[in-house]
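Below: one structure, written as structure tokens.
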Amino acid sequence: MDQLVTLGSRGMGAIYLGHFTTPFSLKDDTNQSQGVVRSSGFYLNETGTTGTLQQVDLVI
């Protein structure tokens with residue numbers, strides 16, 4: 001069942017709304033492209049820890 005939750009209820013305190021261009025190819029063990037990381041950002045949890053967010057374009 002789909003459910004909307006607030007970021008605060010998950011312990012997320014702040015999100016950096018900018019991004020950094022971080023091109024990176026994702027390949028399997030046969031060197032076939034599985035996707036590309038386009039950009040990355042970060043967030044801060046209420047506990048003071050940080051995490052990352054990434055835009056990933058997957059190959060279908």
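Things worth noting here:
- Here residue 4 fulfils each of the conditions (1) more than 29 Å from residue 60 (Cα to Cα); (2) among the hydrophobic types (A, V, I, L, M, F, W, C); (3) exposed (fewer than 13 other Cβ atoms within 10 Å of the Cβ) apart from (1).
- For the stretch 21-44, a tally of residues being in contact with a strand residue (DSSP E or B) (Cβ under 6 Å, 6 or more places away or on another chain), of a type in the set (Val, Ile, Thr) and surrounded by fewer than 10 Cβ atoms within 10 Å (Cβ to Cβ) returns 1.
Values in this text are rule-based calculations from the coordinates and carry no lab data. Here the structure is a predicted model, which is why all the values come from computation and not from measurement. Reconstructed Cβ throughout: ideal geometry from the backbone, glycine too, with neighbour counts over all protein chains shown.
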